[in-house]
Amino acid sequence: MGAAGGAGAGGGGGASGLSAEQLLDQAQPVLLRGDTRRLDPYFLAGCLQAAGHRADATATARTSARPAAATASLVGGDLHRVRIPVLELADQRELGADQRQLAALEAAIRTIDNVGSELLRLRYLSFTDHRLPPADGPPETL
């Protein structure tokens, strides 16, 4: 099983008072390996994502800053405090399937966001050059 998620950039620093850049500099990747006969890796990933989002929400509530990204982050000793529910493997696998769907949805939304941002950037760059006509026809000349 690979590392759980990545360090996300929450806005305005977290509970530690550090900036997002400082937190990312301090974040160390963690490789978690479990017995897949007893623990579904996608279920574990979902639990870690949920814990990261809870931690981000708590930090956001304290600072009243909106997170810059939806990616959850667990920093420092937070990983040791994550509660993993004890469920039958079949139930873990069902929730793990949900986690995979959420991860795919998140990736699709990020792709759409990136493509949309690039389209807007290109449109703004072409605004004064008249490389792209407005939606209602060609530009008028003065």
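Bear in mind that the values in this text are calculations on the coordinates, not laboratory data. All values derive from a computational prediction rather than experimental measurement. Cβ sites come from the backbone with ideal geometry, for glycine too, and all protein chains shown count toward neighbours.
For segment 90-132, what does the alpha-carbon gyration tensor say about shape, rounded, prolate or oblate, given a ≥ b ≥ c as the root eigenvalues, a/c under 1.5 as rounded, and a/b over b/c as prolate? Verdict is prolate for segment 90-132. Distance between the modelled labels on Val82 and Ala104, one decimal in nanometres: 2.2 nm (7 Å Cα→Cβ projection).
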